[in-house]
Ligand code: 3PG
């Protein structure tokens, strides 16, 4: 959008792909409006330039037209945030869309219906992409969260609509998740958690070539412990990933990365919010117990280490933070990151559950960057390129 700054956009129809895939509760109320708010700067900028905005997004994973996945419930919140009456279309292509777009005043906003109501969207069908493109004069993609999908509204459309440029949110996400990770202020630490090592192999391997310190937590650590011969009780272990865990440990050593695993564990007698719990050394989890969080000694050691860093990226919680009793480790990391951000450390929260944890702790505004993309940020951290980004003029 920066490159569009000099262009006269008044009266120009802009197709803006945003990721407005927000969670809706049973009453069709928006449960979390972060993605809508994150899209506002680009929308405001284009409105301010007098463009006619045609906003496209998916919501959920509908199979065909499904009222439950309509974007209509977003209209009041969008209108409120933008200070205009957002017009809603019943479709995302076709005559009605064309009419509504043409009738928009300069600075007006039209929200298209869910692009995934057409199977052609995910198939990246050229005819469908052409129809999407046909209503606008230029294309802006701000949908970072969907940039890992080569769909008609994120990739195909750019073949028929130019210029095609990145919005402010897309730019910011890339600045942090690519820029800050490629050229970090050092020491650079990554904290990787989450339940399974199998879903984080690519991220860990890729980060091992970049970081000075790798801190591991969450359910995946029990696979590392078992591989080292520790007693893990009933903890979650991926038996087929034991060798992999050892080779990641070796890889860290050979690259001179200091690898930190928790030294103590909060164990539970079953997987439940009200389970009995106690703290045990990481090397000696009793038979009938399972690890659900990192212990106080680990929190202390991790915190001391984080105090020495200049850049930190976090992906994946330290324990089962959905259960209050096992949220202390994840909460402590969130607080520590907020604390060091205030001291000038660059902190990047890379998508998914760790974002939810930071939000739950009320610390979202205290981090340098919180990603709006789960899958997309993971793929970037794995070192992959995103088709939705590659397709843009400014890629
Ligand atoms: C997300 O929520 O991660 C994005 O909106 C992409 O959605 P998808 O995984 O259904 O493609």
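Read the figures in this text as sums done on the coordinates, not as results from a lab. Please read all numbers here as calculations on a predicted model, not as lab measurements. Virtual Cβ from ideal backbone geometry, glycine too; neighbours counted across all protein chains shown.
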Bins of 10 Å, beginning at zero and ending with the bin holding the largest distance: percent of Cα pairs per bin for the range 79-179, please. 15, 42, 35, 8, 0
Packing-ranked peptide list from 214-222, 164-172, highest mean Cβ count within 10 angstrom first, is 214-222, 164-172
Using only the Cα atoms of the range 283-357, what are the Rg and Dmax in Å? 13.2, 44
Which order do 289, 314 fall in if you start with the one that has the fewest other Cβ atoms within 10 Å? 289, 314
Using a Förster radius of 45 Å, what is the FRET efficiency between residue 239 and residue 3 based on their Cβ-Cβ separation? Nearest 0.05, please. 0.30
So for the pair residue 364, residue 72, with labels modelled 7 Å out along Cα→Cβ, what separation do we get in nm? 2.6
Computed label-point distance, nm, for sites residue 288 and residue 130 using a 7 Å Cα→Cβ extension: 6.9
For 29, 77, what ranking results if the residue with the fewest other Cβ atoms within 10 Å of its Cβ goes first? 29, 77
Where the centroid of each part is defined by its Cα atoms, how far is the range 229-289 from the range 173-228 in Å? 16
How fast does the chain diffuse by Stokes-Einstein, in µm²/s, taking the Kirkwood radius from C-alpha pairs at 10 °C and 1.306 mPa s? 71
Of the peptides 320-327, 252-259, how do they stack up when ordered by the mean number of other Cβ atoms within 10 Å, highest first? 320-327, 252-259
Mean projected area, convex hull of alpha-carbon positions in the range 2-166, reported to one decimal in nm², is 8.4
Quick check on the exposure proxy: order 341, 3 from fewest to most C-beta atoms within 10 angstrom. 3, 341
